[in-house]
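To start, the structure under review is shown below, and the notes come after it.
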Amino acid sequence: MSSGRPAAPSPPPAAAAALPGVAPSRRRRRGPAPGPPPVPPTPGSAAAAAAPGGNDVFVTSRSDFRAQLRRCQRLLAPGGAPGAGTGGGRELRLHGLGLAVPRTINLALQLQAGAGGALRLHASTSSVPLRAHRHRRDGDGDDGDAPRHNSAIHIRLCREAPCA
Amino acid sequence: MENFRKVRTSEEEMPLPFPDLPPDVVEMKVKEGSKIRNLMNFAMAQMELKGRRQIVFSGCGRAVTKTITCVEIMKRKLGGLHQVTKVRYKTVLEVWENQDPPPDGPAQNLTVHKNVPSICILLSRDPLDPNQTGYQPPEPQHEAPPDLSPLAAP
């Protein structure tokens, strides 16, 4: 999905010449962060059973906030959700992990303010065990270490009043 | 803004978003620099007191993650806690002082109102209304075998 951000202007030739050690072609332009891999809901999972037309948005701290906001607004608009038919996405689930938790709350509150109070927020918290990248050596067993956890928030946005 | 320096930050006092709270409920105001060990020592001691059934954790801005961490630690240690989570904006007032004031005028101060995301979490030993928004029932207590990694759970 394009972020809609205007492309950064290329440096003028004088500026490029002022940086002799940096080639202009090697300058990296930051684009929208790639989204997480799609997670198909298993038929027997509780989330799939609770919301058949639900949409999950995984909020990261690296992607553009306005693009995330527009994406969520499009998913909540009538006909915006892929599996919700013509009635529109009635429920959206935002997930934020660690540093992205304040951004997730901000996104949910912005969506609620933009909807004129028609959205209802249902927030819940959890802790996610992290899979650590350990440097294993011979005879260096790390299996006895306690797993590290990170805090996460899950916010459900519903159009109708009962959000359960 | 390079000539301005932030001299004061204050949070706007807002009532807790939970109705029917007892007047002597403990509110843990988590800040960005708060130590989790200090917070949890005080909060656990309060919850061990006889008659203490509820506790509230609140934090805003970059302290939101730490607030959730404290709540998750308490839920894991005590168990059987009912939870209600509310998110909202909190207004933070910042006063910026001009470092280069005009020679014939008083020092100019800027007052900036910021809306930062905040979270308030109520933990209760007693059952709460499951129909209110943000309610989270206690997790079922189950003893996992020690040889199974928690990452192996589906």
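No value in this document is a laboratory result; all are computed from the given coordinates. Treat the numbers as computed from the prediction; the structure is a model and nothing was measured. Using ideal geometry, Cβ is built from the backbone for each residue, glycine included, and neighbour counts are taken over all protein chains shown.
Compute the signed sum of charges (Lys and Arg +1, Asp and Glu -1) over the other residues within less than 11 Å, Cβ to Cβ, of B:F4. For residues surrounding B:F4, the net value is -2. Of B:K50/B:K114; B:K66/B:K114; B:K6/B:K77; B:K35/B:K90, which pairs sit farther than 32 Å apart, going by alpha carbon to alpha carbon? Distance filter (> 32 Å) returns B:K50/B:K114; B:K6/B:K77. Each Lys or Arg adds one and each Asp or Glu takes one away; over the other residues whose Cβ falls under 13 Å from the Cβ of B:N41, this sums to +2. With only the Cα atoms considered, chain B has a convex hull volume of 177 Å³ per residue.
Pick from B:I36, B:I121, B:I55 the residue whose mean-square fluctuation is largest in a GNM of chain B, springs joining Cα atoms under 10 Å. Highest fluctuation among the options: B:I36. Ordering B:P19, B:G51, B:L78 by the projection of their Cα atoms onto the charge dipole of region B:1-86, which places +1 on the Cβ of Lys and Arg and -1 on the Cβ of Asp and Glu, puts B:L78 at the extreme positive end. A:L99 sits among other residues whose Cβ lies under 13 Å from its own Cβ, and their net charge, with Lys and Arg +1 and Asp and Glu -1, is +3.
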